[in-house]
Structures are given as C-alpha cells and as structure tokens.
Amino acid sequence: MFKLTVCQDDCRTTLPWIVITDRHCAEQPLALQIAELCKVYTPQAIIVREKDVTGQVYEKIWQSISSVANKKKISVLMHNHPDLAIKNDAVGVHMPLMSWLRWRKNAPSEAQRLCSRPKNHKFGGVGVSVHSVEEALIAEDSGANYIIASPVFPTSCKPDAQPLGLRGLAAICHKVSCPVYALGGLQLNDIRQEMLVQAGVAGYCVRSAAMNFSVKPQLK
C-alpha cells in the first residue's frame, strides 16, 4: 500500500524534477518564464518541448532557454530534434518511443552518439516517453538513458488518456533498470513525492505548474 507523508512546513523538493516547456500556457516568453522559475527553484533539467514550430524557430527557442539555464548548470534537452541536438551539442534529446525507434534504425551511429552524451553525472542522453510496461521494456532495450512514464495522474495536457496511477507507475519502475521519471498531474513541490519514491521513480516532471509559475509580491 502506498503511504503519504505530508510536510508540515513549506515543502521542499526532495526528488529531482524536470521542467517540460509549453509556451502556449506560459505566463511570459519562455526564456523569461524559465528565468523567473529558476530564481526560486533549480530543476535537474529542462526539456524544450515546442512541437508546432519549424526547426529553425525551435533552435532559437532552445538557445534562448539554454542561455538562461546554463548559468545555473541546468541540463537543457531538445525534444524530437535529434539532428539539431547533435548540431548544437545539446546534452540530450527526448523523443516519443516510435520516433526514437525509427530514427535509431535510420541513423544508428548518431543514435549511439546521443546515448553516450551524459558526462560527469550530468542529466542527458536519450529519453523516451512511455505509457505502459511493454513500451518501457522496448525503450530500455533500444538504449534509452531514461524514460518518462505518463500520465500518472489526470492531466489537462491529455484529458482523455487513462492515468497509470501509482500502481501502474510502480510496475514500470520495477520492470526496468534505467531511471524512470513520472509525468502527469504533478505540481512544484508536490506533496505526493513520498508516494512517487515508494513507486520507485528517479524523479518527476512538471509542465503546467512550471509554465504558470510566477513570483507573487509580498504584502507589506
């Protein structure tokens, strides 16, 4: 049975966590949003997930975020742009499972280069999104450095998707040896971190809460 421990004080993040960007729900331009967030929090990594732009525009977005995050030594990964990740010497790339398998088949040497990116314990390499134990096993077998399992809880990003729940998440974590990060319905300083730890995750991901974050002025 999963057990919840609630912090009595202002909860501090104990699990590593990753920001996933979405400029459509960000409070301000992405680079500024990340800068604002990083004044208060230090995520382990940022995955620049902007799917509806050209490669040229995407590259500029990634570079603008990297210029902010690199000052805090935060890994900034690309999303579904492995060629651009190699070109820009990005620390890694995150991809949907089928996209990764196709690209790996067509460019095996480049895929191996990306999988060997993490150095000096820095977060990176190739990450793959999965939604089941079967997909997680395929992702690990294909060389993924880490996987993101989703959605764990109901989420506005995928309202029609059936959540894995903590049991589904735990099943994935216990079947693979690579790090598993949870995504879906999670918040900054999420009070369910102890549940996630018991499920076996290496960390968790935040999209909406990070993009909606703002520093509220203190009342005098």
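Counting the residues of region 33-90 that are in contact (Cβ under 8 Å) with a residue 60 or more places away in the chain and β-branched (Val, Ile, Thr) gives 2. Of the numbered criteria (1) surrounded by 16 or more Cβ atoms within 10 Å (Cβ to Cβ); (2) under 18 Å from Trp17 (Cβ atoms), the one Ala139 fails is (2). Here Arg102 meets the list (1) within 24 Å of Gly143 (Cβ to Cβ); (2) touching a His at 6+ places or on another chain (Cβ under 9 Å); (3) of a type outside the set (S, T, N, Q) almost entirely, failing just condition (2). Can you name the residue in region 154-179 that is surrounded by 13 or more Cβ atoms within 10 Å (Cβ to Cβ) and at pLDDT below 85 and is also farthest from Asn212 (Cα to Cα) among such residues? So the residue we want is Ala161.
To keep it simple, each residue is scored yes or no on (1) in contact with a helix residue (DSSP H, G or I) (Cβ under 7 Å, 6 or more places away or on another chain); (2) open to solvent by 20 Å² or more (accessible area, probe 1.4 Å).
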position	(1), (2)
Pro29	no, yes
Tyr41	no, yes
Thr54	no, yes
Val76	yes, no
Ile86	yes, yes
Val91	no, yes
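Taking first residues from region 138-151 that are in contact (Cβ under 8 Å) with a residue 40 or more places away in the chain and partners that are of a type in the set (S, T, N, Q) and part of a strand (DSSP E or B), the Cβ contacts under 6 Å between residues at least 6 apart in sequence or on separate chains come to Ile148/Ser129.
Among the residues making up region 54-82, a single one is within 15 Å of the chain's Cα centre (by Cα) and aromatic (Phe, Trp, Tyr): Trp62. Considering only residues in region 93-105 that are in contact (Cβ under 8 Å) with a residue 12 or more places away in the chain and in a helix (DSSP H, G or I), the one that is surrounded by the fewest Cβ atoms within 10 Å (Cβ to Cβ) turns out to be Ser99.
The values are calculated or read from the model by the stated rules, or taken from the named source; none is laboratory data. Just so you know, these numbers come straight off a predicted model, no measurement behind them. Quick reminder, even Gly has a Cβ in these numbers, built from the backbone with ideal geometry, and neighbours come from all protein chains shown. Note: accessible area is taken over every heavy atom of the protein model, side chains too, but ligands, DNA and RNA are not part of it. Shrake-Rupley method; radii C 1.70, N 1.55, O 1.52, S 1.80 Å.
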